[in-house]
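Accompanying notes for the structure given below.
Derivation of every value follows stated rules applied to the coordinates shown; laboratory data play no part. Here the structure is a predicted model, which means the values were calculated and not measured. Please note: Cβ atoms are built from the backbone with ideal geometry, for glycine as well, and neighbour counts cover all protein chains shown.
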């Protein structure tokens, strides 16, 4: 597809697949999978440097270079708005003022569901501080709207719990969110395999962000390639407009002109 | 004097700077960001000296989703 860019905060991207860098065997596998995915926006986490441990080891950003990729630092592991804001400030410093961030404020370790009130609080603070916020949230249409109104540049409802691979659990809610949205809606979390990604795109999502579905596949690099195709196929199917569902058959070959009775 | 680096107490000489700390951590010239007492420590301030009891965080990007 030509001329169908994903536009986030005024920047155009040709890939609608956003990928994480967690859970890979090593940095080489990370690099290969991300290359195969065709993703241009790549998420990273911000953590303490390991004091005195393997100081010679390459840094993730030496492999996934900010010159080649749009780095999207996340606030994974944050359970309060303050921690999320601190993490974003450190990320902005780390990336020389780059201010696109993925906000997630978690509420519970077992489900990794977002704490939506803390998410709203953090989103407001970050937007005021000039950050361009892509926000992970639940699949609640009202909340998605509130986050958009606060000035988030993209709203990213979960399809299922993070890392669960359960697929699009509530396509109706995703549709409701899409109906009212004025900013890009991306499914973030829950995708398990290529068809899940296609379903998200067929619903009309602007993109999909995933990590575990690729990293935890038996062959991550091959799954990354599958996801790239699934996202493209789903997008094209969405733009093409699917046929209506019908209860009864409708012959594909004409009835007229048959030479038998 | 004692400073706290990434949650661990550390004995360092007086007039110790962020530049010296990064060198001693093997992180000189590496892409990291620093926080001093919960405020961002911009790179331009790395030559400034720490004070006793300062709490410093040194972070980097790692794999995550």
Return the Cα extents of region A:144-199 along principal axes one, two and three, sorted largest first, each rounded to a whole Å. 31, 19, 14
Do me a favour and compute the ellipsoid semi-axes for chain B from its Cα gyration tensor, root of five times each eigenvalue, largest one first, whole Å. 19, 13, 11
Limiting things to C-alpha atoms, what are the Rg and the maximum Cα-Cα separation (Dmax) for the protein assembly as shown, in angstroms? 22.8, 103
The distance between the Cα centres of region B:13-52 and region A:59-94, in whole Å, is 19
Per 5 Å bin, what percent of the C-alpha pairs of region A:1-130 does each bin hold, from zero upward? 2, 9, 17, 19, 20, 18, 10, 4, 1, 0
Based on alpha-carbon atoms only, what is the radius of gyration of region A:106-180 relative to the globular estimate 2.2 N^0.38 Å? 1.08
Over chain A, calculate the relative contact order: mean separation of alpha carbon pairs under 8 Å at least 6 apart, over the residue count, as a percent. 18
Between residue A:179 and residue A:48, 0.36 nm times their residue separation minus their Cα-Cα distance comes to what? 43.1 nm
In whole percent, what relative contact order does region A:1-80 give with Cα contacts below 8 Å and a gap of six or more residues? 28
Peptides A:194-200, A:114-120, A:219-225 ordered by average Cβ neighbours within 10 Å, highest first: A:194-200, A:114-120, A:219-225
Please arrange B:32, A:105 by counting, for each residue, the other beta carbons lying within 10 Å of its beta carbon, fewest first. B:32, A:105
With a Förster distance of 41 angstrom and the Cβ-Cβ distance between residue A:99 and residue A:142, calculated FRET efficiency to the nearest 0.05 equals 0.90
Counting partner chain Cβ atoms within 10 Å of every residue's Cβ in B:51-61, what's the average? 5
Helix-derived mean residue ellipticity, 222 nm - over chain A, DSSP H n ≥ 4, -39500 (n - 2.57), to 500: -11000 deg cm²/dmol
Provide A:79, A:24 in ascending order of the number of other Cβ atoms located within 10 Å of each residue's Cβ, fewest first. A:79, A:24
Per residue and in Å³, how big is the convex hull formed by the alpha-carbon atoms of region A:151-237? 83
How far apart, in nm, are two points set 7 Å out from the Cα along the Cα-to-Cβ line at residue A:239 and at residue B:30? 4.3
With viscosity set to 1.567 mPa s at 4 °C, what whole-number translational diffusion coefficient in µm²/s follows for region A:211-261 from Stokes-Einstein and a Kirkwood radius over Cα pairs? 87
Once you sort the root eigenvalues of the Cα gyration tensor of region A:1-46 as a ≥ b ≥ c, which label holds: rounded (a/c under 1.5), prolate (a/b larger than b/c) or oblate (the other case)? oblate
Coordinate range along principal axes, alpha carbons of region A:96-244, Å, largest first: 40, 36, 33
Region A:58-127: C-alpha gyration tensor shape, a/c 1.5 cut-off, then a/b vs b/c: prolate
